[in-house]
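Asks: Please find one structure pasted underneath; my questions will follow.
The values are calculated or read from the model by the stated rules, or taken from the named source; none is laboratory data. It should be emphasised that the depicted structure is a prediction, and the values quoted were computed from it without experimental measurement. Don't worry about glycine lacking a Cβ; one is built from the backbone with ideal geometry, like all the others, and counts go over all protein chains shown.
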Amino acid sequence: MAIGLFGLIPSSSPDELKKILQTLSTKWGDVVEDLGSLEVKPMKGAMTNEVFMVSWPRKETNLHCRKLLVRVYGDGVELFFDRDDEIRTFEFVARHGHGPRLLGRFAGGRVEEFIHARTLSATDLRDPNISALVASKLRRFHSINIPGDKTVLIWDRMRTWVGQAKNLCSAEDSTEFGLDNIENEINFLEQEVNNDYHQQEIGFCHNDLQYGNIMIDEDTSAITIIDYEYASYNPIAYDLANHFCEMMANYHSDTPHILDYTLYPGEEERRRFICNYITSSGEEPREEDIEQLLDDTEKYTLASHLFWGLWGIISGYVNKIEFDYIEYSRQRFKQYWLRKPQLLSLYPSHN
């Protein structure tokens with residue numbers, strides 16, 4: 001059933017959105033001018049944003065429509081990243097063929113090219129064929145050469161979030177999560193993973209590679225990685241670790257905040273992903289390189305737990321969607337403290 005565009009999309013600036021659509025109408029020339037005839041369908045997959053597919057009837061026939069995507073930003077997310085930086089990244093990545101094109105911006109959201117593909121599900125990540133495609137695409141994504149500073153951001157970003165969490169938190173939450181000691185923990189972990197015994201590869205990382213940010217074209221098997229809000233230069237092992245951690249989540253279940261740690265991929269599955277990742281660029285992986293990346297990735301799961309644990313604490317105070325952020329953070333911090341002695345005892349400074 002057709003639903004009116006401006007009656008459904010909760011834009012903070014419907015007039016700006018209307019101007020963008022009118023401009024696109026003039027630019028394309030083959031769509032009807034009556035914006036009331038547009039059909040809007042809410043899309044699944046996004047966590048903090050609301051996403052809508054807009055079908056735009058063509059003048060010649062109503063059987064064929066142009067489609068675009070309207071993204072409405074969630075509350076409070078600007079605490080985590082700079083929106084202008086994200087838009088610049090979005091446009092650069094699109095120019096290099098890795099994602100949808102930006103069609104326009106309005107206060108509180110943007111209009112994007114619609115990708116004719118479906119968003120992956122939680123179970124898709126475990127399909128060996130799809131997983132191999134994702135590994136290959138991620139390798140190419142990491143090689144994107146974004147102009148400007150290529151400094152690793154993960155550690156400073158977390159230190160900033162500690163300060164924000166302290167400012168927002170109740171005394172009870174601050175005590176429960178040990179926020180007074182978390183910055184020391186971040187510094188310790190940074191030192192541990194940056195040992196000088198080998199050079200870590202740095203790449204342009206997505207940093208939020210959950211299944212909802214990956215799309216597949218069923219006809220061509222082409223993978224598209226979307227949503228670059230948290231993207232930055234980081235060790236590639238961190239991005240791999242974060243992706244593996246996301247295999248424990250199902251954000252469309254009855255309990256989307258609950259992570260099933262029994263679903264963390266075993267060594268064989270992680271090894272297969274890493275082998276596909278390395279070989280996709282034409283390299284013949286050496287066993288020692290595979291082992292090294294496996295080890296590095298496991299250590300960086302600790303950084304992923306801290307990162308999203310802090311994100312959850314802050315989000316619980318600034319975001320209004322129905323998601324138990326604080327319980328989500330409890331799980332991530334609990335897993336950090338559980339896994340830390342198991343993972344870091346493997347290395348010389350803990351022997």
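Asks: Which residue, of T151, T119, T160, is within 29 Å of R88 (Cα to Cα), free of Cβ contacts under 8 Å to residues at least 24 places away in the same chain and within 20 Å of the chain's Cα centre (by Cα)? Please lay out each step first, then the result.
Replies: Working: T151 fails: free of Cβ contacts under 8 Å to residues at least 24 places away in the same chain; T119 fails: free of Cβ contacts under 8 Å to residues at least 24 places away in the same chain.
Criteria check complete, one pass: T160.
Asks: Please work out which residue is modelled with the highest pLDDT, limiting yourself to the range 25-51 and to residues that are part of a helix (DSSP H, G or I) and surrounded by 17 or more Cβ atoms within 10 Å (Cβ to Cβ).
Replies: The extreme case among them is S25.
Asks: Moving on. Restricting attention to the range 286-293, does a residue exist that is of a type in the set (A, V, I, L, M) and farther than 25 Å from E86 by Cβ? Give the steps one after another, and end with the answer.
Replies: Just the residues of the range 286-293 that are of a type in the set (A, V, I, L, M), to begin with: 290, 293.
Filter once more, so that each one left must be farther than 25 Å from E86 by Cβ: 290, 293.
Checked against the condition, which is being of a type in the set (A, V, I, L, M) and farther than 25 Å from E86 by Cβ, the range 286-293 yields at least one hit.
Asks: I've got another one for you. In the list G282, G266, which residue meets the criterion of being assigned by TED's automatic domain parsing to the domain that holds E190 and on the phi > 0 side of the Ramachandran plot? Spell out how you get there, then give the answer.
Replies: Numbers: G266 fails: on the phi > 0 side of the Ramachandran plot.
After ruling out the rest, the residue left standing is G282.
Asks: Can you tell me which residue is surrounded by the fewest Cβ atoms within 10 Å (Cβ to Cβ) among those in the range 309-329 that are in contact (Cβ under 8 Å) with a residue 12 or more places away in the chain and among the charged types (D, E, K, R)? Reasoning before the result, please.
Replies: Applying the first criterion (in contact (Cβ under 8 Å) with a residue 12 or more places away in the chain) to the range 309-329 yields 309-321, 323-329.
Next cut, among the charged types (D, E, K, R) only: 320, 324, 327.
Values: K320: 9, D324: 15, E327: 13.
So the residue we want is K320.
Asks: Having 2 or more residues that are farther than 30 Å from I326 by Cβ and hydrophobic (A, V, I, L, M, F, W, C) is the bar; report the helices (runs of 4 or more DSSP H) wholly within the range 96-192 that clear it. Before you say what the answer is, go through the steps one by one.
Replies: Values: elements: 128-142, 154-168, 171-176.
Of the helices (runs of 4 or more DSSP H) lying wholly inside the range 96-192, those with at least 2 residues that are farther than 30 Å from I326 by Cβ and hydrophobic (A, V, I, L, M, F, W, C) span 128-142.
Asks: Here is a check on your reading of the model: is S304 within 17 Å of the chain's Cα centre (by Cα) and of a type in the set (S, T, N, Q)? Break it down stepwise before answering.
Replies: Numbers: within 17 Å of the chain's Cα centre (by Cα): yes; of a type in the set (S, T, N, Q): yes.
Yes.
Asks: Working only within the range 231-277, note down all residues that are farther than 25 Å from N194 by Cβ and among the β-branched types (V, I, T).
Replies: T255, I258, T262 - these are the residues of the range 231-277 that are farther than 25 Å from N194 by Cβ and among the β-branched types (V, I, T).
Asks: Filter the range 175-191 down to the residues that are on the phi < 0 side of the Ramachandran plot and surrounded by fewer than 17 Cβ atoms within 10 Å (Cβ to Cβ) and list them by number. Steps first, please.
Replies: Here is the first cut: in the range 175-191, the ones on the phi < 0 side of the Ramachandran plot are 175-177, 179-191.
If the condition is that a residue be on the phi < 0 side of the Ramachandran plot and surrounded by fewer than 17 Cβ atoms within 10 Å (Cβ to Cβ), then T175, E176, D180, N181, E183, N184, N187, F188, E190, Q191 are the ones that fit.
Asks: Restricting the range 99-133 to residues that are over 30 Å from K18 (Cα atoms) and touching a strand residue (DSSP E or B) at 6+ places or on another chain (Cβ under 6 Å), which is surrounded by the fewest Cβ atoms within 10 Å (Cβ to Cβ)? Spell out how you get there, then give the answer.
Replies: Step one: filter the range 99-133 for residues over 30 Å from K18 (Cα atoms), giving 120-133.
Next, only the ones that are touching a strand residue (DSSP E or B) at 6+ places or on another chain (Cβ under 6 Å) stay: 120, 133.
Numbers: L120: 20, L133: 18.
Among those residues, the one meeting the criterion is L133.
Asks: I've got another one for you. Taking only the range 193-228 into account, find how many residues are over 23 Å from S136 (Cβ atoms) and in a loop (DSSP other than H, G, I, E, B). Reasoning before the result, please.
Replies: In the first step, residues of the range 193-228 are kept if they are over 23 Å from S136 (Cβ atoms); the result is 193-199.
This time we only want the ones that are in a loop (DSSP other than H, G, I, E, B), so: 194-199.
Looking only at that region, the number is 6.
Asks: Can you tell me how many residues in the range 202-212 are free of Cβ contacts under 8 Å to residues at least 40 places away in the same chain and touching a strand residue (DSSP E or B) at 6+ places or on another chain (Cβ under 7 Å)? So that I can check it myself, show each step before the final result.
Replies: From the range 202-212, those free of Cβ contacts under 8 Å to residues at least 40 places away in the same chain are 208; that's our starting set.
When the remaining residues are screened for being touching a strand residue (DSSP E or B) at 6+ places or on another chain (Cβ under 7 Å), the result is none.
Of the residues in that region, 0 qualify.
Asks: Is it the case that Y251 is crowded, with 16+ Cβ neighbours inside 10 Å, at pLDDT below 95 and not basic (K, R)?
Replies: Values: crowded, with 16+ Cβ neighbours inside 10 Å: yes; at pLDDT below 95: yes; not basic (K, R): yes.
Criteria met by Y251.
Listed here are the residues, each with its yes/no results for (1) touching a Leu at 6+ places or on another chain (Cβ under 8 Å); (2) touching a residue at least 40 places away in the same chain (Cβ under 8 Å).
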position: D219; (1), (2): no, no
position: Y230; (1), (2): no, yes
position: L240; (1), (2): yes, yes
position: F244; (1), (2): no, yes
position: A249; (1), (2): yes, yes
position: R270; (1), (2): yes, no
position: E283; (1), (2): no, no
position: R286; (1), (2): no, no
position: D289; (1), (2): no, no
